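First up is the structure itself, then whatever we jot down about it.
What follows draws every value from the coordinates through simple rules; no lab data is involved. Please read these numbers as outputs of a predicted model, since none were measured by experiment. Counting neighbours? That spans all protein chains shown, and the Cβs are built from the backbone with ideal geometry, glycine included.
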Number of protein chains: 2
Amino acid sequence: MRPLSLHYRYEIEDSDRIAIREILESTGFFYEFEIVIAEELFDERKAKGDSSGYFFVFAMDGDKAVSYSCYGPIACTRQSYDLFWIGTHADYRGKGVGKQILKETNKQVFDRGGRYLYAETSGRDQYAPTHQFYKSTGFDLEGRLRDFYDTGDDKLIYRLDLTK
Amino acid sequence: MRPLSLHYRYEIEDSDRIAIREILESTGFFYEFEIVIAEELFDERKAKGDSSGYFFVFAMDGDKAVSYSCYGPIACTRQSYDLFWIGTHADYRGKGVGKQILKETNKQVFDRGGRYLYAETSGRDQYAPTHQFYKSTGFDLEGRLRDFYDTGDDKLIYRLDLTK
């Protein structure tokens, strides 16, 4: 088996729309309406470029996008960014791909002037691997909004301090 | 002096765009770019109606809009709403108008199925009257994101439980 050597791409290509859906579907984590939202962010990026406020990183294994992130500056803040999406194709799980693309994303955010990266997720037990991912990559749990998504479904707000 | 008798209006009118600016400017609380955002929400409402996700309440003194709120459902949640804006013209401060329009807004949110109403604001001392307003109207401080807006400028997340 050849070792995994990824490279990164920052400009979107038309084929990424399908890659995004395949990546997110493969994880088994997302509802259909959430995947549609992810596609809409791609469409916004395609239509408006940087002014969409959505930026992408794709981790490429050869010419195949196997992981991606989508981030952007938070309006009315000076140095806060949202990590809207981060996902890795199930075929590539357990290889540290998520951590690699996050590291690359952090670099991009920092270079754009971002100092804090926020990630929001559900507090449900089903998301324990997500919580573990954020904890293990330097995020702190900055807030919890009780019953935000639904009764018994809190929103967790994680924050990564990129200056540390 | 005649007593203040307000009535409410929920459909926007073209003249509200100027009323919104006058109300927000009169408070002395908002930056120009924030007022522009408030106008953009009005424009979205005008262009797309309910599907904009922005709903308005205007408190009318005769035919003059003296206070307004803008709220809407939070995407991907079942019963959480954002209170995007609430403001009362400086000429009408200290008369309980803010509390009245909030009460009316809460009723509208509840009737649409909302159970939690979120209000976000800066933690800076300058906003002490805002914090006091939320505390005195039943909101709880649900979270604080440190340095969110800028260094030394936290975001406070208030929540009102409409089922209580």
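Odds and ends about this structure:
- Distances between equivalent label points of A:Asp63 across the copies, with each point positioned 7 Å along Cα→Cβ, amount to 6.7 nm, shortest listed first.
- Think of the axis that spins chain B onto A; the B residue whose C-beta lies nearest it, and the distance in whole Å, is B:Gly143, 2.
- Cα lying deepest toward the dipole's positive end in region A:6-161, options A:Ser26, A:Phe55, A:Phe110, charges on Cβ: A:Phe110
- Screening chain A for whole DSSP H helices with an alpha carbon extent of at least 20 angstrom along the helix axis and a mean Kyte-Doolittle hydropathy of at least -0.5 yields A:32-48.
- Other-copy label distances relative to B:Ser51, 7 angstrom Cα-Cβ extension, nm: 2.3
- Relative contact order (%) - region A:6-161, alpha-carbon pairs under 8 angstrom, separation at least six: 17 percent
- Within the same chain, aspartates and glutamates fewer than 8 places from B:Lys164 are excluded, and of the rest, those with a Cα less than 15 Å from its Cα are A:Asp147, B:Asp111, B:Asp140.
- Likely footprinting exposure, B:Asp147, A:Asp91, B:Asp153, A:Asp14, fewest C-beta neighbours within 10 Å first: A:Asp14, A:Asp91, B:Asp153, B:Asp147
- Within region B:1-144, the proportion of Cα pairs with more than 25 Å between them is 24 percent.
- Dipole of chain B [Lys/Arg +1, Asp/Glu -1 at C-beta], most positive-end residue of B:Pro73, B:Ser122, B:Ile12: B:Pro73
- Across the identical copies, the 7 Å label point of A:Ala90, projected outward along Cα→Cβ, sits 6.0 nm from its counterparts, in ascending order.
- Calculated diffusion of the protein assembly as shown, Stokes-Einstein form, Kirkwood radius summed over Cα pairs, 25 °C and 0.890 mPa s, µm²/s: 114 µm²/s
- Computed about the Cα centre, the dipole magnitude for chain B is approximately 780 debye when only Lys and Arg (+1) and Asp and Glu (-1) carry charge, each at its Cβ.
- Nearest-20 debye value, the protein assembly as shown charge dipole, Cβ charges on Lys, Arg, Asp, Glu: 980 debye
- Cross-link pairs exceeding 24 Å in C-alpha to C-alpha distance, out of B:Lys48/B:Lys99; A:Lys46/B:Lys48; A:Lys48/A:Lys99; A:Lys64/A:Lys107; A:Lys48/A:Lys95; A:Lys95/A:Lys135, comprise B:Lys48/B:Lys99; A:Lys48/A:Lys99; A:Lys48/A:Lys95.
- Packing, as the average of other Cβ atoms within 10 Å across residues, places the peptides A:53-59, A:123-129 in the order A:53-59, A:123-129, highest first.
- Distance cut-off 14 Å, percentage of C-alpha pairs in region B:6-57 lying past it: 53 percent
- Computed E for B:His7/B:Asp111 - FRET, C-beta separation, R0 30 angstrom, nearest 0.05: 0.95
- Extension gain for A:Ala47 to A:Phe33 (0.36 nm times residue separation, less C-alpha to C-alpha distance): 3.0 nm.
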